[in-house]
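J.: I'd like to ask you about the structure that follows.
What follows draws every value from the coordinates through simple rules; no lab data is involved. Predicted, not measured: the structure shown is a model, and the values here were computed from it. Positions of Cβ are generated from backbone atoms using ideal geometry, with glycine treated the same way; all protein chains shown enter the neighbour counts.
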Amino acid sequence: MKNEDISIKMNSLKKLLKGDKRIIAQTISAVENDTNTKILETIFPYTGKAYHIGITGPPGAGKSTLVNVIAKKLLEKNNKIGIIAVDPTSPFSGGALLGDRVRMTDLALQKNVFIRSMASRGSLGGLASKTKDAALVLDASGMDYVLIETIGVGQVELDIAQVCDTTVVILVPESGDSIQAMKAGLLEIADIIVVNKGDREGCDRLIMELKFAFELRDKQAGWHFPILKTIATENKGIEELVSAIDSHRAYLHKSGKLEDERKGKLMLRIHELIEEKIRAHLKEKIIKEDELKIMIDKVYKRKLNPYRIASNIAKGIIKSQTRRK
Amino acid sequence: MDRKIRVIIGKPGLDGHDRGAKVVAAALRDAGMEVIYTGLHQTCESIVEAAIQEDVDIIGLSILSGAHMTIFPKVLNLLKKKRAEDIILTGGGIIPEEDMKKLEKKGVKKMFGPGTPTTEIVDWINENVRAKSKKTKTKKIKKKTGKNRS
Ligand SMILES: Nc1nc2c(ncn2[C@@H]2O[C@H](COP(=O)(O)OP(=O)(O)OP(=O)(O)O)[C@@H](O)[C@H]2O)c(=O)[nH]1
Ligand SMILES: [Mg+2]
């Protein structure tokens with residue numbers, strides 16, 4: 001049995017940095033299941049080299065199929081590619097059916113590709129925190145590119161842009177008009193927009209609408225948002241898409257934005273982690289569930305109100321915090 | 001935190017029916033497991049490679065084509081070669097009783113005959129993965145670091 005403890009053993013770290021697939025896989029499991037951040041602290045100094053590309057868009061838009069062809073294109077230049085594909089966790093059972101691999105069979109045996117399917121698990125407010133950690137593991141393992149496919153987008157996934165250097169938003173003619181994409185906030189996070197299933201009717205009309213919608217943004221941003229047409233299943237338009245990603249990367253470099261944006265993202269991450277820790281601490285140590293339960297009857301009968309209870313408890317915590325100093 | 005059980009459901013070989021595989025996959029999901037589905041016509045190599053990258057506890061193969069006597073041993077072999085024998089191999093399909101016994105002797109942990117209720121498969125997986133992680137857990141503690149994944 002090779003199931004050694006990989007928390008921080010030097011030997012495993014060396015293997016991870018060299019890209020040993022079994023160790024990468026086990027390390028991802030470890031960070032996914034453990035709240036202990038020792039491993040992440042150990043690998044962090046070795047990260048920051050991979051270029052992160054986010055692929056997002058509504059369910060069934062062709063995200064996985066596109067990841068497959070984009071990766072194949074990047075492989076031609078001898079890149080090492082890590083892929084994380086997220087599918088939703090069932091809120092009822094806590095289980096998940098992870099099917100993105102079905103579209104990536106071309107990559108299954110490529111030496112320079114590592115694919116990991118992840119379930120969104122109970123993450124509130126965005127891309128699973130663990131997805132970011134998994135991306136860090138892939139980064140440390142020497143990948144040139146990390147591709148992240150989100151679950152079919154809802155409002156919650158917009159922070160894919162918080163992890164990725166280039167965010168590609170995939171739309172399809174069936175996903176309606178550009179107003180719907182705008183409502184979902186999708187277009188705000190896009191660096192590149194792809195209308196996939198270019199073989200279907202309505203594609204050109206959607207592209208026209210999007211071009212119109214983006215004219216304004218173009219002028220402000222200094223980056224010309226490409227709006228591209230692809231047919232992922234026929235490998236059409238992929239060359240253009242990959243070169244648009246390259247251009248965006250070059251633009252980020254040249255303008256100095258890459259560093260600025262990455263610093264901003266790290267800042268956000270720190271905030272997020274502090275909040276996670278404090279939330280966990282509150283739940284475990286501070287907020288007394290039993291006492292709340294006793295009060296709830298009175299709240300239900302309108303003798304107490306939730307606002308007063310919450311602000312009293314919060315005041316108590318803050319006071320005890322300042323007293324300690 | 002509870003470590004979720006991860007299972008890969010593979011359809012190696014040529015037969016084009018994955019209804020059974022999908023029914024099992026859905027049942028395992030409904031039992032709270034994370035199920036990786038790889039689609040039709042997979043090679044043994046790609047299933048084993050996926051199992052490793054996905055760090056699954058169990059591989060379940062569905063075979064209706066009659067090629068079970070070559071496919072299961074091949075997968076066992078590949079797992080050994082990749083030093084991933086700790087991944088449990090199981091499966092089912094249209095397979096004669098006799099062959100099931102032979103395969104279990106060769107190292108397939110358990111074969112499920114046609115028409116096995118999915119609840120039976122769920123229970124079996126729960127039991128066996130728990131037994132396995134207990135083993136590795138105690139082993140790890142002995143190996144001085146107190147940390148474990150479950
Ligand atoms: N006609 C057509 N079909 C496509 C195209 N790209 C993808 N598809 C098909 O669309 C379906 C969904 O593709 P996926 O790649 O799984 O889509 P996805 O966005 O990853 O789906 P989820 O991960 O479930 O949200 C599959 O049946 C693909 O074969 C395309 O360009 N044209
Ligand atoms: Mg997908």
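J.: Expected output is a single nm value to one decimal: the length gained when fully extending between A:N305 and A:E240, i.e. 0.36 nm times separation in residues minus the C-alpha distance. What is it? All intermediate terms of the calculation are to be shown ahead of the outcome.
T.: On the way: separation 65, 0.36 × 65 = 23.40 nm, distance 5.83 nm.
Gain in length upon complete extension: 17.6 nm.
J.: List A:C203, A:C164 from most exposed to least, where exposure is judged by having the fewest other Cβ atoms within 10 Å.
T.: On the way: A:C203 20, A:C164 25.
Ranking A:C203, A:C164 by Cβ neighbours within 10 Å, fewest first, gives A:C203, A:C164.
J.: So what's the gap between the Cα centers of region A:16-92 and region A:208-277, to the nearest angstrom?
T.: Answer, in whole Å: 19.
J.: Calculate the dipole size of the protein assembly as shown relative to its Cα centre from +1 charges on Lys and Arg beta carbons and -1 charges on Asp and Glu beta carbons; express the result in debye to the nearest 20.
T.: Numbers: 83 positive and 61 negative charges, 553 e Å.
That gives the protein assembly as shown a dipole magnitude of about 2660 debye.
J.: From the residues A:Q180, A:I23, A:A190, which one has its Cα farthest along the dipole of chain A in the positive direction, the dipole being from +1 and -1 charges on Cβ of Lys/Arg and Asp/Glu about the Cα centre?
T.: The residue sitting most towards the positive pole is A:I23.
J.: In a solvent-free Debye calculation with one equal scatterer on each Cα, what is log10 I(q)/I(0) for chain B at q = 0.18 Å⁻¹, listed in the order of the q values?
T.: With no solvent term, the Cα-only Debye profile gives -1.07.
J.: Going 7 Å from the Cα of A:T47 along its beta-carbon direction, which residues of region A:260-276 have the amide nitrogen within less than 11 Å of the resulting point?
T.: Flagged as within label range: A:266, A:269-270.
J.: Evaluate the charge dipole of region A:68-126 about its Cα centre and quote only its size in Debye, nearest 20, assuming +1 on the Cβ of each Lys and Arg and -1 on the Cβ of each Asp and Glu.
T.: On the way: 9 positive and 4 negative charges, 48 e Å.
Computed about the Cα centre, the dipole is about 240 debye.
J.: Suppose R0 equals 51 Å; then what is the FRET efficiency for A:Q321 and A:M182 from their Cβ-Cβ distance, rounded to the nearest 0.05?
T.: 0.75
J.: As a footprinting exposure proxy, order A:Y251, A:Y307 by other Cβ within 10 Å, with the fewest listed first.
T.: On the way: A:Y251 16, A:Y307 8.
With the sparsest Cβ surroundings first, the list reads A:Y307, A:Y251.
J.: Tell me the volume per residue, in Å³, of the convex hull enclosing the alpha carbons of region B:1-72. Write down the numbers at each step before the final one.
T.: On the way: hull volume 5.4 nm³, N = 72.
Once divided by residue count, the hull of region B:1-72 is 75 Å³.
J.: Which entries in the list A:K9/B:K74; A:K288/A:K315; B:K74/B:K105; B:K80/B:K105; A:K49/A:K77 go over 21 Å, if you measure between the two C-alpha atoms of each? Spell out each step's value before the answer.
T.: Values: A:K9/B:K74 33 Å; A:K288/A:K315 15 Å; B:K74/B:K105 14 Å; B:K80/B:K105 16 Å; A:K49/A:K77 17 Å.
Listed pairs above 21 Å: A:K9/B:K74.
J.: Next question. Can you give me the distance in nm between label points at B:L40 and A:K18, each placed 7 Å from the Cα along the Cα-to-Cβ direction?
T.: The modelled label-to-label distance comes out at 4.1 nm.
J.: With every atom except the alpha carbons ignored, what do you get for Rg and Dmax of region A:252-325, in angstroms?
T.: 19.7, 63
J.: Let me confirm one metric for peptide A:30-38, namely the mean number of other chain beta-carbon atoms within 10 Å of its residues' beta-carbons. Provide the component values of the computation, followed by the final result.
T.: On the way: counts 5, 1, 7, 7, 6, 1, 2, 0, 1.
Neighbouring Cβ atoms belonging to other protein chains average 3 per residue here.
J.: Further question: Determine the sum of side-chain charges near A:E284: Lys and Arg each +1, Asp and Glu each -1, restricted to other residues whose C-beta is under 13 angstrom from that of A:E284. Spell out each step's value before the answer.
T.: Details: positive: A:K277, A:R279, A:K283, A:K285, A:K288; negative: A:E276, A:E289.
In short, +3.
J.: Okay, moving on. Given a Förster radius of 45 Å and the C-beta distance between A:K263 and B:A67 as r, what FRET efficiency does 1/(1 + (r/R0)^6) yield to the nearest 0.05? Could you put the intermediate results ahead of the total?
T.: On the way: r = 55 Å, r/R0 = 1.23.
Calculated value: 0.25.
J.: Also, I was wondering about something else. For region A:42-137, which chymotrypsin sites (Phe, Trp or Tyr not before Pro) pass both filters: DSSP loop (anything but H, G, I, E, B) and at most 16 other C-beta atoms within 10 Å? Show your work: numbers first, answer last.
T.: Values: sites: A:Y46, A:Y51, A:F92, A:F114; in loops: A:F92.
Answer in residue order: A:F92.
J.: Answer rounded, prolate or oblate for region A:25-81, using the Cα gyration tensor with square roots of eigenvalues a ≥ b ≥ c: rounded when a/c is under 1.5, else prolate when a/b is larger than b/c, else oblate. Don't jump to the answer; show the numbers that get you there.
T.: Numbers: a/c = 2.74, a/b = 1.58, b/c = 1.73.
In terms of gyration-tensor shape, oblate.
J.: Percent relative contact order of chain A, based on C-alpha pairs within less than 8 angstrom and at least six residues apart? Kindly include the intermediate steps, with their values, before the conclusion.
T.: Working: 460 pairs, mean separation 56.1, N = 325.
RCO, chain A: 17 percent.
J.: By counting other Cβ atoms within 10 Å of each Cβ, how are A:R103, A:R116, A:R200, A:R308 ranked from fewest to most? Before the final figure, lay out the partial values.
T.: On the way: A:R103 21, A:R116 27, A:R200 13, A:R308 10.
So the residues, fewest neighbours to most, are A:R308, A:R200, A:R103, A:R116.
J.: Over all residues in A:112-120, what is the mean tally of Cβ atoms on other chains that come within 10 Å of each residue's Cβ?
T.: On the way: counts 0, 2, 3, 5, 5, 10, 2, 7, 0.
So the per-residue partner count for this stretch is 4.
J.: Dipole of region B:16-139, Cα-centred, from +1 at each Lys and Arg C-beta and -1 at each Asp and Glu C-beta, to the nearest 20 debye? Can you show the working numbers first?
T.: On the way: 20 positive and 17 negative charges, 117 e Å.
It comes to approximately 560 debye.
J.: Could you calculate the FRET efficiency of A:R200 with A:K254 from 1/(1 + (r/R0)^6), where r is the beta carbon distance between them and R0 is 35 Å, rounded to 0.05? Let's see the in-between values first.
T.: Details: r = 36 Å, r/R0 = 1.04.
That pair, A:R200 with A:K254, gives E of 0.45.
J.: Where does chain A land on the Kirkwood hydrodynamic radius, alpha-carbon pairs, in angstrom?
T.: Details: mean 1/r = 0.0459 Å⁻¹.
Computed over Cα pairs of chain A, the Kirkwood hydrodynamic radius comes out at 21.8 Å.
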